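To start, the structure itself, in structure tokens.
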Amino acid sequence: MTQAVRLSSLSQWSRRLLAAIFLGGQVVIHLISRPLHRRNTIEQMAAVGPESLLIALITAGFVGMVFTIQVTREFLSFGAGTAVGGVLALTLARELGPVLTAVVLAGRVGSAFAAEIGTMRVTEQIDALQILKTDPIDYLVIPRVVACSLMLPFLNILSFITGMSGGLAIAISLYGIPSSVFLDSAQNFLTIWDLVSSLVKSFVFGALIAVIGSSWGLTTTGGAKGVGQSTTTAVVTALLAIFITNFFLSWLMFQGTGSAVINNL
């Protein structure tokens, strides 16, 4: 009995994942062929960006401080303390910044999308939109996709600055590393491509969060209980999608040989 329930849940999750992939294709087609609903898009950008800013910055600040503590004590042991700023900058730009900011948005925004649209589905508000000849994809989904795709890179930039500031504060106060050494190291290690790759990852992650949250909302059934299940599953699926996609993007962007650390020591 338990195994049958698990198989049924897995089958349902697979169907909803396919629906999310199909929805992503529809979003691309609609973005190309139809006008954007500006008012809804601006409202969603306000919800995704400013309202998520504080938690994203707090997360980035403490991650930068913890990373600096762990790295500095090891680097100082073999005389590489001047590389701390550069290593932190590379890590935040390439991986920690976009991934952790996306995780914060998946938990806060992706769940909200699934809950809001799921509630509209079970209360037949989406059916009412269709009766009024309003496409739910144009009215509900695309504004959320555009908002997440545009605002997540901005949040990522601010998170990068905050993480570097937190790391700098720890490097100065705990380990006596001059700010000029820390910042020069970061400048020497970072390249334009590192920053571009960070923005590209953020853009992709934002689209994934919005599409998955919206799709799980649109496929919600079963009343209030179904809304809760959709919200939880949407967040878990979005996190899996972020981590898996991050692997492939990192593999495409940074495969091959070469080391910014060795070249700047």
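The values are calculated or read from the model by the stated rules, or taken from the named source; none is laboratory data. Note that this is a predicted model, so its numbers are computed, not measured. Cβ sites come from the backbone with ideal geometry, for glycine too, and all protein chains shown count toward neighbours.
The residue pairs whose first member lies in the range 114-136 and is among the basic types (Lys, Arg), whose second member is assigned to a helix (DSSP H, G or I) and crowded, with 20+ Cβ neighbours inside 10 Å, and whose beta carbons are closer than 8 Å, counting only pairs six or more residues apart or on different chains, are Arg121/Gly217; Arg121/Leu218. Scanning the range 27-48 for residues that are in a loop (DSSP other than H, G, I, E, B) and in contact (Cβ under 8 Å) with a residue 60 or more places away in the chain, we see that the one that is surrounded by the most Cβ atoms within 10 Å (Cβ to Cβ) is His37.
Mind checking which pairs have a first residue in the range 49-77 that is more than 14 Å from Phe154 (Cβ to Cβ) and a second that is among the charged types (D, E, K, R) and assigned to a helix (DSSP H, G or I), Cβ under 7 Å, 6 or more apart or different chains? Pairs that qualify, where the first residue is more than 14 Å from Phe154 (Cβ to Cβ) and the partner is among the charged types (D, E, K, R) and assigned to a helix (DSSP H, G or I), are Ile55/Arg108.
Conditions (1) modelled with pLDDT of 95 or more; (2) small (Gly, Ala, Ser); (3) under 30 Å from Leu195 (Cβ atoms), marked per residue:
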{"site": "Thr68", "(1), (2), (3)": "no, no, yes"}
{"site": "Glu74", "(1), (2), (3)": "no, no, yes"}
{"site": "Thr82", "(1), (2), (3)": "no, no, yes"}
{"site": "Gly85", "(1), (2), (3)": "no, yes, yes"}
{"site": "Gly107", "(1), (2), (3)": "no, yes, yes"}
{"site": "Gln130", "(1), (2), (3)": "no, no, no"}
{"site": "Thr134", "(1), (2), (3)": "no, no, no"}
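Within the range 217-234, being buried (at least 22 other Cβ atoms within 10 Å of the Cβ), farther than 16 Å from Ile21 by Cα and aliphatic (A, V, I, L, M) holds for one residue alone: Val227. Take the conditions (1) within 16 Å of Ile209 (Cβ to Cβ); (2) surrounded by fewer than 16 Cβ atoms within 10 Å (Cβ to Cβ); Gly24 misses just one of them, which is (2).
When the residues of the range 189-215 are filtered to those that are among the β-branched types (Val, Ile, Thr) and closer than 14 Å to Ala89 by Cβ, which remaining residue is surrounded by the fewest Cβ atoms within 10 Å (Cβ to Cβ)?
Filtering first and then ranking leaves Ile192.
Which of the residues belonging to the range 152-167 are touching a Ser or Thr at 6+ places or on another chain (Cβ under 6 Å) and surrounded by fewer than 24 Cβ atoms within 10 Å (Cβ to Cβ)? Answer for the range 152-167, where residues must be touching a Ser or Thr at 6+ places or on another chain (Cβ under 6 Å) and surrounded by fewer than 24 Cβ atoms within 10 Å (Cβ to Cβ): just Pro153.
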